[in-house]
Amino acid sequence: MTKKLLFVCLGNICRSPAAENIMNHLVEKQGLGDQFICDSAGTGGWHVGALPDRRMRAAAKERGLDFVGSARQFEAMDLREFDLILAMDKDNYRNILALDPQRKFTDKVKMMCDYCETYTDKEVPDPYYGGSDGFDYVIDLLFDACGGLLKSLSQK
Ligand code: 4NP
């Protein structure tokens, strides 16, 4: 069974597209491309249609990765469509569940950092208003979290 994963942040131009691209990279590396479908979305709609942030793409490029994507806004239908929804921070988590007033899909929504194996962060920090270090940090943290997520899903 193909598992559909949705990564969610605020703008869908920094953290969640990074998570989507890193997860796809790890999935491909393990030859599991036919088992997962990954997507990402933002709880806000300001950047709809935009590529991942230039600074995030530059940080990825330094590691030989090409981050692709076009920003879109998270919508209530996503709760139905996806098997697992990964929130980058607590605000994202709250805003996702605000679209599920009957609490039908709560179990599908998880915090991305719950899957970290090395890092102890509880949230993926928003790098948007900071320097380039923040983008590098997000990539390292997401490699850890995506690796843990892939392990946990592969065991099921
Ligand atoms: P993201 O970062 O949620 O990781 O995509 C942000 C992108 C844009 C804004 C804030 C955070 N913004 O305020 O426009």
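Would it be correct to say that Leu97 is within 14 Å of Cys9 (Cα to Cα), away from the ligand (no atom under 16 Å from the Cβ) and in contact with a helix residue (DSSP H, G or I) (Cβ under 8 Å, 6 or more places away or on another chain)?
It is true that Leu97 is within 14 Å of Cys9 (Cα to Cα), away from the ligand (no atom under 16 Å from the Cβ) and in contact with a helix residue (DSSP H, G or I) (Cβ under 8 Å, 6 or more places away or on another chain).
Would you mind stating whether Tyr93 is among the hydroxyl-bearing types (Ser, Thr, Tyr) and surrounded by fewer than 14 Cβ atoms within 10 Å (Cβ to Cβ)?
no
Which ones in the stretch 48-66 are open to solvent by 80 Å² or more (accessible area, probe 1.4 Å) and within 14 Å of the ligand (Cβ to nearest atom)?
Listed by number, the residues that qualify are Val48, Leu51, Arg54, Arg57.
Before we move on, is Leu153 open to solvent by less than 70 Å² (accessible area, probe 1.4 Å), under 19 Å from Cys9 (Cα atoms), assigned to a helix (DSSP H, G or I) and among the aliphatic types (A, V, I, L, M)?
Against the criterion (open to solvent by less than 70 Å² (accessible area, probe 1.4 Å), under 19 Å from Cys9 (Cα atoms), assigned to a helix (DSSP H, G or I) and among the aliphatic types (A, V, I, L, M)), Leu153 does not qualify.
Restricted to the stretch 72-88, and to residues that are open to solvent by 40 Å² or more (accessible area, probe 1.4 Å) and within 18 Å of Phe36 (Cβ to Cβ), which residue is farthest from the ligand (Cβ to nearest atom)?
Asp83
Do we find that Gly130 is more than 23 Å from Ile96 (Cβ to Cβ) and open to solvent by less than 50 Å² (accessible area, probe 1.4 Å) in this structure?
For Gly130, the condition - more than 23 Å from Ile96 (Cβ to Cβ) and open to solvent by less than 50 Å² (accessible area, probe 1.4 Å) - is met.
Only one of Gly147, Gly69, Gly45 is part of a helix (DSSP H, G or I), open to solvent by 10 Å² or more (accessible area, probe 1.4 Å) and either within 12 Å of the ligand (Cβ to nearest atom) or under 16 Å from Glu20 (Cβ atoms) (or both). Can you tell me which?
Answer to the selection: Gly147.
Restricting attention to the stretch 7-21, which residues are in a helix (DSSP H, G or I) and open to solvent by 10 Å² or more (accessible area, probe 1.4 Å)?
Passing the criteria: Glu20, Asn21.
Do we have any residue at all in the stretch 22-37 that's under 16 Å from the mean Cα position of the chain (by Cα), surrounded by 14 or more Cβ atoms within 10 Å (Cβ to Cβ) and within 13 Å of the ligand (Cβ to nearest atom)?
Taking every residue of the stretch 22-37 in turn, none turns out to be under 16 Å from the mean Cα position of the chain (by Cα), surrounded by 14 or more Cβ atoms within 10 Å (Cβ to Cβ) and within 13 Å of the ligand (Cβ to nearest atom).
Restrict the check to the stretch 46-57 and report whether at least one residue is of a type in the set (A, V, I, L, M) and under 13 Å from the mean Cα position of the chain (by Cα).
no
Mind telling me which of the residues Asp126, Asp121, Asp114 ends up being under 16 Å from Ser16 (Cβ atoms), within 11 Å of the ligand (Cβ to nearest atom) and of a type outside the set (A, V, I, L, M)?
Answer to the selection: Asp126.
Being within 14 Å of the chain's Cα centre (by Cα), surrounded by fewer than 22 Cβ atoms within 10 Å (Cβ to Cβ) and outside any helix (DSSP H, G or I) is true for just one of Lys104, Lys4. Which residue is that?
Lys4
Of the numbered conditions (1) under 24 Å from Pro52 (Cβ atoms); (2) free of Cβ contacts under 8 Å to residues at least 12 places away in the same chain; (3) not small (Gly, Ala, Ser), Phe143 fails exactly one; give the number of that condition.
Result: Phe143 fails condition (2) only.
The values are calculated or read from the model by the stated rules, or taken from the named source; none is laboratory data. Source: prediction; values computed, not measured. Glycine gets a Cβ as well: all are built from the backbone with ideal geometry, and neighbour counts include every protein chain shown. These area figures cover heavy atoms from the full protein model, side chains too; ligands, DNA and RNA do not enter into them. Shrake-Rupley method; radii C 1.70, N 1.55, O 1.52, S 1.80 Å.
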